[in-house]
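Engineer: Okay, here's the structure, questions in a sec.
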């Protein structure tokens, strides 16, 4: 089965201007990898409708699906829905189900800004699931998620079974040794487990560890055997921790 | 003076597959903002020459300058220089100055992999400066930086005076209050300091603070007066810390 491909579009001036550090890309990269999806592109762009529309159209055409993060709140600079609507040349309309959820949530306090959150591109699909109250809006192969990390994470976790095809399993070993010292052990491990995907990532100036090793396979048992084999080769004093 | 625009291209399969969390984008966003440069786009792409070449060509044409991060080490999957060379239709050649630095660094241990790091697109410029030993390679308006955070950060810091035009100044206030509670104080501050750029970023589930407020101006004195004004309005028990 061909691996499904995905792009993530992060919308937000606050990220480009360094006011807020994005954490959704890293979360999505790990979740999608676990689901066997190939994340091919992450793009951070400003809150501007033509730029959002162009990036969504390009990614939706090139990849199996697209996830957007951010720009879906009640304020005037939340423009992701308008950008997605423009990319598919659709009108923005009030969705009655979303309107009902928002009215119930805000009780009497509903205002025009709150109702903005019920506006979706015409023909959008609502995805329920997980422990989330507010469904995730989908237009064609584009899933529109909020930018607040806790909400983004719970919504992506709820969507994961839908994306999952042929998952990867991963273990990690953090070592206090340099790459030069452990190179021979990595070579021996690759010789014994040729199908293993083995990564080595040095981190200069980190007080905790020097090199992070990652072991990956689509076969959980094969991965565990390779992990134990490599752990047996590495001098135990070099191992800071494992995941 | 028109604000200069910039794009950052992060090259690395290890980031797209969730093995390593990128921190260079956040660092660059803050450094460029301080230098008065508008970061318009951050793209993370795989270690593949055609994709690197296409993204570099597109960004170099659309923005005043481009910074790349990663893919410049000695191993076979470090392909950024080849991608940049392809985007400008130039050959990759050995740079004698880089070769000398590498030979001195590795002494007798130099091998073909090490020499790969002396290969640059024909006609590249070497930028010295800061406390860095290895100069930064520049091709037209593209600056090629390493991905290891400590090296990326020192090289970008060394380049910053070159990029600086009309810098922004920023202060931040982390509050324990919700947006609803502080909204009136923000409105009052904006009324008193209409030229202030004021941002409010809620963070759900963070044990330290509920809302991060950012105050920005190109006038350092105006910023300080606005900061003190807003601090005077906010009940002191709400303030977790400031920057």
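Engineer: If you line up the long axis of helix A:149-163 against the longest principal axis of chain A, both from Cα atoms, how many degrees apart are they, to the nearest 10?
Structural biologist: Roughly 80 degrees, rounded to the nearest 10.
Engineer: What FRET efficiency comes out for residue B:233 versus residue B:75 if R0 is 41 angstrom and r is the Cβ-Cβ distance? Round to the nearest 0.05.
Structural biologist: Values: r = 55 Å, r/R0 = 1.35.
After rounding to 0.05, the efficiency reads 0.15.
Engineer: Going by average Cβ neighbours within 10 Å, how do the peptides B:157-163, A:111-117, A:172-178 rank, with the highest at the top?
Structural biologist: Numbers: B:157-163: 16.0, A:111-117: 14.1, A:172-178: 17.7.
Ranking the peptides B:157-163, A:111-117, A:172-178 by packing returns A:172-178, B:157-163, A:111-117.
Engineer: Rounded to whole Å, give me the distance from the Cα center of segment A:137-185 to that of segment B:137-181.
Structural biologist: 26 Å
Engineer: By how many degrees, 0 to 90 and rounded to 10, does the Cα axis of helix A:179-192 deviate from the longest principal axis of chain A?
Structural biologist: Around 90 degrees separate the two axes.
Engineer: Just to confirm the number: angle between the C-alpha axis of helix A:24-34 and the first principal axis of chain A, 0 to 90 degrees, nearest 10?
Structural biologist: 60 degrees
Engineer: Same structure again: How much length, in nm to one decimal, is gained on full extension between residue A:126 and residue A:183, taken as 0.36 nm per residue of separation minus their Cα-Cα distance? Mind dumping the intermediate values first?
Structural biologist: Working: separation 57, 0.36 × 57 = 20.52 nm, distance 4.98 nm.
In short, 15.5 nm is gained.
Engineer: May I pose another question? DSSP beta bridges in segment A:5-163, what fraction antiparallel, as a percent rounded to 5?
Structural biologist: Details: 9 of 25 bridges.
For segment A:5-163, the DSSP antiparallel bridge percentage is about 35.
Engineer: Moving to a separate point now. In nm, to one decimal, how far is the modelled label at residue A:134 from the one at residue A:176, with both set 7 Å along Cα→Cβ?
Structural biologist: In this crude spin-label approximation the distance works out to 4.7 nm.
Engineer: Quick check on chain A: helices-only [θ] at 222 nm, where DSSP H runs of length 4 and up contribute -39,500 (n - 2.57) each and the sum goes over total residues. Nearest 500, please. All intermediate terms of the calculation are to be shown ahead of the outcome.
Structural biologist: Numbers: 9 runs with 96 residues, N = 243.
After summing the helix terms and dividing by residue count, I get -12000 deg cm²/dmol.
Engineer: Using the reciprocal of the averaged 1/r over all distinct C-alpha pairs, how large is the Kirkwood radius of the protein assembly as shown in Å? All intermediate terms of the calculation are to be shown ahead of the outcome.
Structural biologist: On the way: mean 1/r = 0.0407 Å⁻¹.
Final number for the Kirkwood radius of the protein assembly as shown is 24.6 Å.
Engineer: What is the packing order of peptides B:36-43, A:236-243, B:227-234, B:51-58, taking the mean over residues of other C-beta atoms within 10 Å and listing the highest first? List each step's numbers first, then the result.
Structural biologist: Numbers: B:36-43: 22.2, A:236-243: 12.1, B:227-234: 16.0, B:51-58: 20.2.
Packing order, densest peptide first, comes out as B:36-43, B:51-58, B:227-234, A:236-243.
Engineer: What would the Debye formula give as log10 I(q)/I(0) at q = 0.14 Å⁻¹ for the alpha-carbon point model of segment B:5-163, no solvent?
Structural biologist: Taking Cα atoms of segment B:5-163 as identical point scatterers yields -0.66.
Engineer: Still on this structure: Taking only C-alpha pairs under 8 Å that are 6+ residues apart, what is the relative contact order of chain A in percent? Let's see the in-between values first.
Structural biologist: Values: 441 pairs, mean separation 44.8, N = 243.
Once normalised by length, the contact order is 18 percent.
Engineer: Defining the label point at 7 Å along Cα→Cβ, can you sort the distances from residue B:221 to the same site in each other copy, shortest first, in nm?
Structural biologist: 7.6
Engineer: Just to confirm the numbers: residue A:133, label point 7 angstrom along the Cα-Cβ line, distances to the other copies in nm, shortest first?
Structural biologist: Between copies, matching label points for residue A:133 lie 5.7 nm apart.
Engineer: Follow-up question, since we're still on this one. How many partner chain Cβ atoms sit within 10 Å of a residue's Cβ in peptide A:8-20, on average, as a whole number? Walk me through the intermediate numbers first.
Structural biologist: Numbers: counts 2, 0, 3, 0, 1, 3, 6, 5, 12, 12, 14, 12, 7.
Per residue, the number of nearby Cβ atoms from other chains is 6 on average.
Engineer: Continuing with the same structure: State, to one decimal in nm and shortest first, how far the label point of residue B:26 sits from each corresponding label point in the other identical copies (label point: 7 angstrom along Cα-to-Cβ).
Structural biologist: Ordered by distance, the counterparts are at 0.6 nm.
Engineer: Can you give me the three principal axis dimensions of segment A:169-242 from its C-alpha atoms, in Å, biggest first?
Structural biologist: 34, 21, 17
Engineer: Using a 10 Å cut-off on Cβ to Cβ distances, tally the other chain neighbours for every residue of A:40-49 and report the average as a whole number. Please report the intermediate quantities before stating the final value.
Structural biologist: Working: counts 6, 7, 9, 6, 10, 4, 4, 0, 1, 0.
Average per residue, whole number: 5.
Engineer: Which single residue of chain B puts its beta carbon nearest to the axis of rotation relating B to A, and what distance, in whole Å, does that give?
Structural biologist: With distances in whole Å, chain B gives B:43, 3.
Engineer: What average count of beta carbons from other chains do you get within 10 Å of the Cβ of residues in B:197-206? Don't jump to the answer; show the numbers that get you there.
Structural biologist: Details: counts 2, 0, 5, 2, 6, 2, 4, 4, 5, 2.
Mean inter-chain Cβ contacts per residue within 10 Å come to 3.
Throughout, read-outs are computed from the coordinates displayed, never taken from laboratory work. The model shown is predicted, which means the values in this text are computed figures rather than measured ones. Glycine gets a Cβ as well: all are built from the backbone with ideal geometry, and neighbour counts include every protein chain shown.
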